[in-house]
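What follows is calculated from the coordinates using simple rules that are stated; it is not laboratory data. Predicted, not measured: the structure shown is a model, and the values here were computed from it. Glycine also receives a Cβ, built like all others from the backbone with ideal geometry; neighbour counts cover every protein chain displayed.
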Amino acid sequence: MRIFLPVRDVHAREILDSRGNPTVEAEVTVANSVTGELVCGRASVPSGASTGRFEAVELRDGEVRYFGLGVRRAVSHVNTKLKAALLGKDASCQRALDECILECDGTQNKENLGANACLSVSMAAARAAADALHLPLYQYLGGIHTAALPMPMMNILNGGKHADNTVDLQEFMIAPVRAESFAEGLRICAEVYHNLKGICREKGLSTGVGDEGGFAPDLPDAESVLSLLVEAVRKSGYEPGTDIRIAIDAAASELYDEKLGAYLFPGESRMKGHQVTRSTEDMISYYEWLAEQFPIFSLEDGLDEDDWDGWQRLTQRLGKKLQLVGDDLFVTNPKRLSAGIELHAANAILVKVNQIGTLTEAFAAVRLAKENGYQTVISHRSGETEDPFIADIAVAVNAGQIKTGAPCRMERVAKYNRLLRIEEELYGRTARDTV
Ligand code: PGA
Ligand code: ZN
């Protein structure tokens, strides 16, 4: 007998994210049409700092409380309009449910209800449905597609908008490209992270961490950061380029100065005592040079979110050699991704569910990417919650890669720990676990 899961209740509240800013948490209660059992699913929404200009609207109250960042309006939209629209609807059909959410909002960018309101309900409904059907979330979302655990791209050194140091490029990540399992890869990365801390300490550099848990010392330029990373990899007994490769998220939209038509490097300028700016061509050559000197395999947001022309040139020059990931460029939006595919801009997409606001749309972006040979990386935001939902998404869609910060700060570690549990569920306990 086909089981239906009619929505019986929808409720949201304002909670805090990892930066102490308000965000939306929702609960959706569904009834199992066969057993009558009531099941409640809960999910919460993350929030970015280096937010792309084309992301769906994150609705903030703009009042005095929480410096304008309250989300009481978004919460109220869940508790009134979305609740009214969804009561009685079947939560086991995510697509129809999300269409209902889209219709209720009625705008292109979710400015009416807020992408934070929409996504909280979209995710909570999926979790309620999975629980009501007694399926793990990744299996509910992915069905028989659930096979591969993602490789972590672990951000161990933070800069840009995620820290107050002089490092201008936002994220420096390591990837355990030869690890035999997720657990093994996680261990390798965590060991490098600890060795990086030791090296920073020895050199008198700060070991305080940024928003995503990576260290945030003052360093003069990207070369110095990359040298430190290579040193930490070697100290851990691994071969840079063979065992571990490096990924950078430049978050270049944050560096781009429209008036100058160039990229400004404020930290590097301060450390070197003269103004450092780079044109689009300079940026491409700079990345090319960095990738020759260091074992870099992936570059995210190397150029501004509006510079399609630059992205085309970047992809022509480096697309065969590097994974070029569009984050602010694509904002998990199938329409922007289609434009990128058409123009041969980038060759991979970063997937952040709150950039678009419903699971259905995020999954459509993943599908489109895969159909066109673009790699997919599931990603957290710099403002996170304890909800490990993205770990299940990464497995459900066979994303291949996940970006969820350092092995530090529990909102990051929660995702890694969830993946450890999933790996055990899918592949059983390994000998390694029992020695
Ligand atoms: P954000 O950063 O969450 O602050 O946007 C993450 C990223 O740029 O990938
Ligand atoms: Zn990014």
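For ARG270 and ARG19, the FRET efficiency from 1/(1 + (r/R0)^6), where r spans their Cβ atoms and R0 equals 22 Å, is about 0.35. The GluC sites (Glu not before Pro) found in region 46-85 that occupy coil by DSSP, while having at most 16 further C-beta atoms within 10 Å, are GLU63.
Could you compute the FRET efficiency for GLU258 and ASN372, with r as their C-beta to C-beta distance and R0 at 45 Å, rounded to 0.05?
Step by step, r from the Cβ atoms, then E = 0.90.
Using alpha carbons only, the radius of gyration of region 279-435 set against its Kirkwood radius gives Rg/Rh = 1.01. Note on LEU290, LEU228, LEU299: ascending count of other Cβ atoms within 10 Å places them as LEU290, LEU228, LEU299, the fewest first.
For LYS161, a cut-off of 12 angstrom between C-alpha atoms picks up these aspartates and glutamates, skipping any fewer than 8 places away in its own chain: GLU171, ASP211, GLU212, ASP249, GLU254. Filter the cross-link list LYS370/LYS415; LYS321/LYS415; LYS197/LYS235; LYS110/LYS415 down to pairs whose alpha-carbon distance in this structure exceeds 18 Å. Violating the 18 Å Cα-Cα cut-off are LYS370/LYS415; LYS321/LYS415; LYS110/LYS415.
Measuring how big the chain is from its alpha-carbon positions, Rg and Dmax come out at 21.5, 72 Å. As a proxy for reagent exposure, PHE389, PHE215 were ordered by neighbouring Cβ count within 10 angstrom, fewest first; the result is PHE389, PHE215. Derived value for region 41-131: Kirkwood hydrodynamic radius 13.6 Å. Basis is the mean of 1/r over every pair of different alpha-carbon atoms. Extension gain for the segment ARG178 to ARG201, taken as residue separation times 0.36 nm less the Cα-Cα distance, is 5.4 nm to one decimal. Scoring 119-126, 176-183 by mean Cβ neighbours within 10 Å over their residues and listing the highest first yields 119-126, 176-183. In plain terms, the chain from ARG313 to LEU133 could stretch by 60.0 nm, reckoned as 0.36 nm per residue minus the Cα-Cα distance.
Restricting the trypsin sites (Lys or Arg not before Pro) of region 197-290 to loop positions (DSSP other than H, G, I, E, B) with no more than 10 neighbouring Cβ atoms within 10 Å leaves LYS259. Sorted fewest first by neighbouring Cβ atoms within 10 angstrom, ASP211, ASP301 come out as ASP211, ASP301. Applying 1/(1 + (r/R0)^6) with r as the Cβ-Cβ distance of TYR66 and LYS161 and R0 = 22 angstrom yields a FRET efficiency of 0.70. Beta-bridge orientation, the chain: approximately 60 percent antiparallel, per DSSP, counting only bridges with both partners inside. Rounded to the nearest 500, the 222 nm mean residue ellipticity of the chain from helices alone is -11500 deg cm²/dmol, with -39,500 (n - 2.57) taken per DSSP H run of at least 4 residues.
Between ALA84 and LEU420, the contour length at 0.36 nm per residue exceeds the alpha carbon distance by 117.2 nm. Each label was represented as a point 7 Å from its Cα along the Cα-to-Cβ direction; for PHE4 and GLU37 these points are 2.0 nm apart.
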